[in-house]
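For reference, the structure is listed below as structure tokens.
The values are calculated or read from the model by the stated rules, or taken from the named source; none is laboratory data. Quick caveat, the model's predicted, so the values are computed rather than measured. Because the Cβ atoms are built from the backbone with ideal geometry, glycine has one as well, and the counts that use them run over all protein chains shown. Ligands, DNA and RNA are stripped out before the accessible areas are found, and what is left, the full protein with its side chains, is counted by its heavy atoms. Shrake-Rupley method; radii C 1.70, N 1.55, O 1.52, S 1.80 Å.
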Amino acid sequence: PPNPEPDTKTEQIDTLKRIDNAANVAALKKKMRIVVDDMKSTTWYYSLNTPKYVNRNSFHVYLGEKESSVWLRFRIQYYADDWLFIEKYIIKADSNLYNLIPSSSVETDHDGGKIWETYEEAVDASNYEMLKNVATAKTVKVRFEGQQYYKDRVLTSAEKQGIAQVFALFEAMGGVVK
């Protein structure tokens, strides 16, 4: 019987790329806190630098996965003693300035003399570039602009690194921002 035709060079290269990408995805997932919502068949991936609760200031991106679909969301958390009643965020990533006006309400709550104001939305073409710049900027400041007062905060290198890690996983999993 004739021998089957060996794989072409292109097929071999494609196979090696898939194996390498699968290993890359597995390595990136090890750097994540993974939360499975079995009721919605959704898996969420958060950088290990991302807080589990709202009792910490944070600016982060996280990834959702359901079946073969992946998407990104980002969240801004303000935690303090005094309310701002946030109406917008001004983000300065190095010399790039962005105004973010929430498209839905900023959630507010309090407990034990502390308050928190949180906002999150889907990552799409309108905010993707800003978030990529935040992840790679040397210095990032966020102004929480309230009804009467504002508060500025500098993002930590761990926050920026966490955003970059989630973006790397998203891209490795074949995610595309729409």
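Would you mind stating whether E107 is more than 23 Å from Y149 (Cβ to Cβ), touching a Ser or Thr at 6+ places or on another chain (Cβ under 6 Å) and either modelled with pLDDT of 95 or more or open to solvent by 60 Å² or more (accessible area, probe 1.4 Å) (or both)?
Numbers: more than 23 Å from Y149 (Cβ to Cβ): no; touching a Ser or Thr at 6+ places or on another chain (Cβ under 6 Å): yes; either modelled with pLDDT of 95 or more or open to solvent by 60 Å² or more (accessible area, probe 1.4 Å) (or both): yes.
So E107 does not fit the description; no.
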| field | Extreme residue, farthest from K92 (Cα to Cα), among residues of segment 23-43 that are in contact with a strand residue (DSSP E or B) (Cβ under 6 Å, 6 or more places away or on another chain) and crowded, with 16+ Cβ neighbours inside 10 Å | value | T43
| request: Could you tell me whether segment 128-137 includes any residue that is open to solvent by less than 20 Å² (accessible area, probe 1.4 Å), over 17 Å from the mean Cα position of the chain (by Cα) and within 21 Å of E159 (Cα to Cα)? | output: no
| said: Please count how many residues of segment 47-69 are farther than 25 Å from A137 by Cα and assigned to a strand (DSSP E or B). | reply: 3
| said: Among (1) at pLDDT below 95; (2) surrounded by 15 or more Cβ atoms within 10 Å (Cβ to Cβ), there is one condition Y53 misses while meeting the rest; what is its number? | reply: (2)
